[in-house]
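Structure first, then comments.
The values are calculated or read from the model by the stated rules, or taken from the named source; none is laboratory data. Bear in mind the structure is a predicted one, so any value in this text is a computation, not a measurement. Here the Cβ positions follow ideal geometry from the backbone for every residue, glycine too, while neighbour counts run over all protein chains shown. Surface accessibility is based on the protein's heavy atoms, side chains included, excluding ligands, DNA and RNA. Shrake-Rupley method; radii C 1.70, N 1.55, O 1.52, S 1.80 Å.
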Amino acid sequence: MNGPPFPEEDDLTARDPRDAMSLQTAWLRSFLAVADKSGFGAATLVLHLSQSRVSAHIAALEHALGVSLFDRKARPVCMTEAGELFRGHALTALLELQSGVDAARSTLDNFVARVTIGSYPSVSSTYLPSVLRELKTKYPGVTVDLLEGAAASLEEMVVNGTVDLAFRPLLPKMRENTLCHRTIWREDIVAVMRDHDPLAKRAAVSIDDMMTRPLIGNPAGSEEDGGGFDLRHTLGEAAGRADIAYLTDQPATLVALVRSAFGVGVINRLALETTSTEGLTIRTIDSPTAHREVALHWTRRRAGSAVVKAFLDAQQQVPLPPGVQPIPD
């Protein structure tokens, strides 16, 4: 019997280039980041991509959907009605896909997986290498990527899924209150000064002492973004009267500024393990808030992930870095 031929298998699976199966997860992540941050430039900081790459992702997604997702004339950039409708579906799709990946990997005894860790310089140089060595020994199939940032950007990385886990001080407080965390250690915030500074003769430095000196703190950035948080937190009510001369992200820069007589440094003790303090004196600060606690953070949706459990297991087996105190169970 003559008639139209049956379609070939490839014809059955051929798809419209604009259907859901053509969408790339990178496009969805860029879309959600721009939506969350209300701007392309801000999204690049979260995604660690160039603005041109993020723009290309959004353009490709809009072409595939056949709609505009953002009103680019608005300041800040805002979503169109189509963007608002698509946002929830995009987020659900990515979360479900990650859950599927985690579920598949959890069935393997010696699983092969990739984990992305967020950190900051003092942890990255004094503690993280030991954790990674333990992880490699116990789970040789796990590959690690590392991203560094300040407290605010590390929180964004965890919330947006850019990293699986992140080391971060508990303060400033997380804006996202649905994250899981494990507090690992407590460390002092200390004052750093030149050896011949009169304050170096004292066993501890008072807040009144510090009010007489220009101060150098970390990290860099505005007060709203957490710039100089440890310094301000240590000073308490006196912070508004302090002469904050410089803020920097790098412990070596802070030490160099102190050595060059630009002021007294205020920094977490562990950070000083990453650079030479020759010619300088370190003193405790007589303040009830001159300390901070450091924790590992991850999202609840990733709590059951095999690779997150593997990293937490490895971290728990490693001795703490010098100069910090363990948190009692």
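Look at segment 61-82 and say how many of its residues are part of a loop (DSSP other than H, G, I, E, B), within 18 Å of LYS37 (Cα to Cα), at pLDDT 90 or above and open to solvent by 30 Å² or more (accessible area, probe 1.4 Å). Walk me through how you get there before you give the answer.
Taking segment 61-82 as the starting set, the residues that turn out to be part of a loop (DSSP other than H, G, I, E, B) are 66-69, 72-77, 80.
Imposing the further condition that a residue be within 18 Å of LYS37 (Cα to Cα) reduces the set to 68-69, 72-77, 80.
Adding the requirement that they be at pLDDT 90 or above leaves 68-69, 80.
Then drop every residue that is not open to solvent by 30 Å² or more (accessible area, probe 1.4 Å), which leaves 68, 80.
Residues flagged as part of a loop (DSSP other than H, G, I, E, B), within 18 Å of LYS37 (Cα to Cα), at pLDDT 90 or above and open to solvent by 30 Å² or more (accessible area, probe 1.4 Å) within segment 61-82 amount to 2.
Just to be sure I understand, how many residues within segment 201-217 are closer than 13 Å to GLY263 by Cα and either in contact (Cβ under 8 Å) with a residue 40 or more places away in the chain or touching a His at 6+ places or on another chain (Cβ under 9 Å) (or both)? Give the steps one after another, and end with the answer.
Applying the first criterion (closer than 13 Å to GLY263 by Cα) to segment 201-217 yields 209-217.
With the extra rule that they be either in contact (Cβ under 8 Å) with a residue 40 or more places away in the chain or touching a His at 6+ places or on another chain (Cβ under 9 Å) (or both), the set shrinks to 210, 213-217.
Looking only at that region, the number is 6.
Name the residue, out of SER119, SER99, SER125, that is more than 30 Å from GLY226 (Cβ to Cβ) and among the polar types (S, T, N, Q). Walk me through how you get there before you give the answer.
Working: SER119 fails: more than 30 Å from GLY226 (Cβ to Cβ); SER125 fails: more than 30 Å from GLY226 (Cβ to Cβ).
Checking each option against the conditions leaves just SER99.
Suppose we keep only residues that are of a type outside the set (D, E, K, R) and at pLDDT below 95 within segment 127-146. Which one would you say is least open to solvent (accessible area, probe 1.4 Å)?
At the first step, the residues of segment 127-146 found to be of a type outside the set (D, E, K, R) are 127-132, 135, 137, 139-144, 146.
Applying the additional criterion that residues be at pLDDT below 95 yields 137, 139-143.
On the way: THR137: 103, TYR139: 55, PRO140: 83, GLY141: 24, VAL142: 8, THR143: 62 Å².
Checking each candidate, the answer is VAL142.
State whether one or more residues within segment 277-295 are assigned to a strand (DSSP E or B), open to solvent by less than 20 Å² (accessible area, probe 1.4 Å) and under 26 Å from LEU128 (Cα atoms).
yes
Taking the options GLU237, GLU224, name whichever one is open to solvent by 60 Å² or more (accessible area, probe 1.4 Å), in a loop (DSSP other than H, G, I, E, B) and without any contact (Cβ under 8 Å) to a residue 12 or more places away in the chain.
Going through GLU237, GLU224 in turn, the sole match is GLU224.
For segment 198-221, which residues satisfy the criterion of being acidic (Asp, Glu) and either assigned to a loop (DSSP other than H, G, I, E, B) or open to solvent by 40 Å² or more (accessible area, probe 1.4 Å) (or both)?
The initial filter retains those residues of segment 198-221 that are acidic (Asp, Glu), namely 208-209.
ASP208, the sole residue that qualifies.
Of these, ALA152, ALA166, which one is more than 15 Å from ASN268 (Cα to Cα), modelled with pLDDT under 90 and within 13 Å of the chain's Cα centre (by Cα)? If you could, list the steps in order and put the result at the bottom.
Working: ALA166 fails: modelled with pLDDT under 90.
One residue alone meets the criteria, ALA152.
Is it the case that VAL115 is open to solvent by less than 40 Å² (accessible area, probe 1.4 Å), assigned to a loop (DSSP other than H, G, I, E, B) and modelled with pLDDT of 90 or more? Step through it out loud before you land on a result.
On the way: open to solvent by less than 40 Å² (accessible area, probe 1.4 Å): yes; assigned to a loop (DSSP other than H, G, I, E, B): no; modelled with pLDDT of 90 or more: yes.
No; evaluated as a whole, the condition is false for this residue.
Within segment 20-60, track down each residue that is under 18 Å from GLY88 (Cα atoms), touching a residue at least 40 places away in the same chain (Cβ under 8 Å) and in a loop (DSSP other than H, G, I, E, B).
LEU23, SER38
Among the residues in segment 169-182, are any more than 24 Å from PRO328 (Cα to Cα), without any contact (Cβ under 8 Å) to a residue 12 or more places away in the chain and either surrounded by fewer than 20 Cβ atoms within 10 Å (Cβ to Cβ) or aromatic (Phe, Trp, Tyr) (or both)?
Of segment 169-182, the ones more than 24 Å from PRO328 (Cα to Cα) are 175-176.
Now restrict to residues that are without any contact (Cβ under 8 Å) to a residue 12 or more places away in the chain: none.
No, that holds for no residue.
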